[in-house]
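**Student:** Here you go, one structure.
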Amino acid sequence: MEAALRQTRAEVLLDAIAHNLRIVRAAANGRKVLAVVKADAYGHGIVPVAKRLQAEGVDGFGVALAEEGLELREAGIDRTILVLNGINGGAHRDIIAAGLTPVLYDPSEAGAFEAVAVGRPIDVHLKVDTGMGRLGVPLAELTDFLRDLRRFPSIRIAGLMTHLSTADADPVYVAEQLAGFKRAEGLVRRFGHEPSVLHAANSAAVFRHPETHFDWVRPGISLYGYPGSDSIDAPLRPAMRWRTEVLRVRTLQPGESAGYGRSFRATREMRLATIPLGYGDGLLRSASNRGHVLIRGVRCPIVGNIAMDLTTIDVSSVPEVAVGDETLLLGEQGGAVLDARDLAAAAGTIPYEVLTNVSRRVPRVYVNR
Ligand SMILES: Cc1ncc(COP(=O)(O)O)c(C=O)c1O
C-alpha cells in the first residue's frame, strides 16, 4: 500500500524528541545519555526515533530485548546498545556478533556468553537489585554471584547498574537504593572488576536526583515528552500527536443511548460525533465516559463505551462540528492541548501505558516539528 488510507494516524514529532534530548542532557549535567527505546520507542517507532537521536549525538540506547537491539543494528545504529532484560534465549552469538552489550544478572547467561566468546573478552553490564525486587543480583547474593563468575573468565564487567523504583516519589527509598548500589560497587571492585561506567537514573531521577547520575543516565519517557512524575516541571514537548477525523455526526434525543451496554444516555437533545478509532487502536477502554478529545480546539467528552473501532463524542458545545473535522486524542489544536497525562488520568493508568498501547493499526508518520 502506497499511502495510508486511514484518517487515523500518530504523528511523531522528531524535533520534539531532539528538543527533549537537549533538556535531558542539560538536567544530567554532561553525563552520557543512554536513550531507552524499548517497546518500539514507547510506541513512537524504534528505528526512526533512534536514527534521529543518533543524529543528535546521543551516546547509546537501551532496549529490553535482543530482537530490538538487532533491529537497531540492521537499521545502521552504531552506538552502544544495552539489552536491559538480560535474558537472551538462544541469541548469545548473534548479540555478540552484532556488538550489543548484554545486561547480566544470571550465572547461566554468563555461561552462555562464555561459550560463544572464542577467546575474546565479552563486555557486560552487571545489574544489581538494590530494591526494585524484579531483576538484578540481590545484594545478599552478590558475593556468591561474583565468586561463581570466576568460572567464566571471558566475561568482563564493563558497567554496573541498578534500577530505582521510587525516583518519582520517595527520596528516602532512593537513598537506600543508592547506599546499596555503592556497597555493590565496592564488592565488585574487591573481586577485581573495574567497571568503567555506573548508571541508575531513569527520567524522574534525571530531573530530581542528581546524586544518582553517575556516568550515564537512562531516560525513556522524558525523551517522548513526559518527565516521569506529575510533580516534576520540565520544559519537555510531547512527541506524539494522535489524530483522526469525525466520521459521522448525529443528534441524540433525550433517553436515547450511545454504544454497547447503554452506559451513556442523553438527558437532553445532544449532538454526537462518531470517530473511527477505538480500543483496537489502543484507546484504553477504561477511558469510556471519562476521557476527552479535541475538536475545533474544544475539549469534548468521550461518551458511551469505547468500542474496538468506534468511539462517540459529545460535541453539543461545538455545534459547527462536521464530518471530516480533525479530532485529536493527543496533541495541540487551536491553542488547546491534550497529552498522555490527561488520557492516563481518565483511564486510570500512566502515560507510559497510553503511549505504548497505541496499536500497530495506527500508522506512524514522522514529521520534523
Ligand atoms: C532498566 C531501565 N532503565 C531506564 C528506564 C527508563 O525509565 P523512564 O522511562 O521512567 O525514564 C527503564 C524503563 O522502564 C528501565 O527498565
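The values are calculated or read from the model by the stated rules, or taken from the named source; none is laboratory data. Note that the structure is a prediction, hence the values are computed from the model and not measured. As a convention, Cβ positions derive from the backbone with ideal geometry for all residues, glycine included, and neighbour counts pool all protein chains shown.
**Student:** Within the range 71-87, is even one residue touching a residue at least 24 places away in the same chain (Cβ under 8 Å), touching a Phe, Trp or Tyr at 6+ places or on another chain (Cβ under 8 Å) and within 12 Å of the ligand (Cβ to nearest atom)?
**Tutor:** Narrowing the range 71-87 to residues touching a residue at least 24 places away in the same chain (Cβ under 8 Å): 71-73, 75-80, 82, 84-86.
Now restrict to residues that are touching a Phe, Trp or Tyr at 6+ places or on another chain (Cβ under 8 Å): 72, 77, 79-80, 82, 86.
Pick out the ones that are also within 12 Å of the ligand (Cβ to nearest atom) and you get 82, 86.
Checked against the condition, which is being touching a residue at least 24 places away in the same chain (Cβ under 8 Å), touching a Phe, Trp or Tyr at 6+ places or on another chain (Cβ under 8 Å) and within 12 Å of the ligand (Cβ to nearest atom), the range 71-87 yields at least one hit.
**Student:** Another question, then. Can you list residue pairs whose Cβ atoms sit under 6 Å apart, with the first residue in the range 240-262 being within 29 Å of residue 9 (Cβ to Cβ) and the second being modelled with pLDDT under 95 and surrounded by 13 or more Cβ atoms within 10 Å (Cβ to Cβ)? Count only pairs 6 or more apart in sequence or on different chains.
**Tutor:** So the pair list comes out as 244/7; 245/7.
**Student:** If you take just the helices (runs of 4 or more DSSP H) that sit entirely in the range 63-174, which of them hold at least 1 residues that are in the same structural domain as residue 219 (by TED's automatic domain parsing) and within 21 Å of residue 188 (Cα to Cα)?
**Tutor:** Working: elements: 66-74, 92-97, 107-115, 142-149.
Answer list for the range 63-174: 107-115, 142-149.
**Student:** Residues that are in a loop (DSSP other than H, G, I, E, B), within 16 Å of the ligand (Cβ to nearest atom), at pLDDT 95 or above and touching a strand residue (DSSP E or B) at 6+ places or on another chain (Cβ under 8 Å): does the range 181-193 have at least one?
**Tutor:** The answer is no, given that none of the residues of the range 181-193 is in a loop (DSSP other than H, G, I, E, B), within 16 Å of the ligand (Cβ to nearest atom), at pLDDT 95 or above and touching a strand residue (DSSP E or B) at 6+ places or on another chain (Cβ under 8 Å).
**Student:** For residue 27, which of the numbered conditions (1) within 16 Å of the ligand (Cβ to nearest atom); (2) under 15 Å from the mean Cα position of the chain (by Cα); (3) farther than 28 Å from residue 122 by Cα; (4) of a type outside the set (Val, Ile, Thr) fails to hold?
**Tutor:** (2)
**Student:** For the range 1-24, which positions are within 14 Å of the ligand (Cβ to nearest atom), aliphatic (A, V, I, L, M) and more than 13 Å from the chain's Cα centre (by Cα)?
**Tutor:** Of everything in the range 1-24, those that are within 14 Å of the ligand (Cβ to nearest atom), aliphatic (A, V, I, L, M) and more than 13 Å from the chain's Cα centre (by Cα) turn out to be 21, 23, 24.
**Student:** Identify the residue in the range 111-158 that is among the charged types (D, E, K, R) and farther than 20 Å from residue 200 by Cα and, among all such residues, is surrounded by the most Cβ atoms within 10 Å (Cβ to Cβ).
**Tutor:** Within the range 111-158, the first condition is being among the charged types (D, E, K, R), and the residues that meet it are 114, 120, 123, 127, 129, 134, 141, 144, 147-148, 150-151, 156.
Imposing the further condition that a residue be farther than 20 Å from residue 200 by Cα reduces the set to 114, 120, 144, 147-148, 150-151.
Values: 114: 16, 120: 10, 144: 11, 147: 10, 148: 13, 150: 10, 151: 11.
Of everything passing the filter in the range 111-158, 114 is surrounded by the most Cβ atoms within 10 Å (Cβ to Cβ).
**Student:** Something else now. Inside the range 153-178, can you point out the residues that are touching a residue at least 40 places away in the same chain (Cβ under 8 Å) and closer than 14 Å to residue 208 by Cβ?
**Tutor:** Within the range 153-178, 164, 167, 168, 169, 173, 177, 178 meet the criteria.
**Student:** Among the residues of the range 199-209, is any buried (at least 20 other Cβ atoms within 10 Å of the Cβ) and over 22 Å from the mean Cα position of the chain (by Cα)?
**Tutor:** no
**Student:** Considering the range 211-235 alone, what residues qualify as being away from the ligand (no atom under 12 Å from the Cβ) and either within 15 Å of residue 163 (Cα to Cα) or free of Cβ contacts under 8 Å to residues at least 12 places away in the same chain (or both)?
**Tutor:** Selection gives 211, 213, 214, 215, 233.
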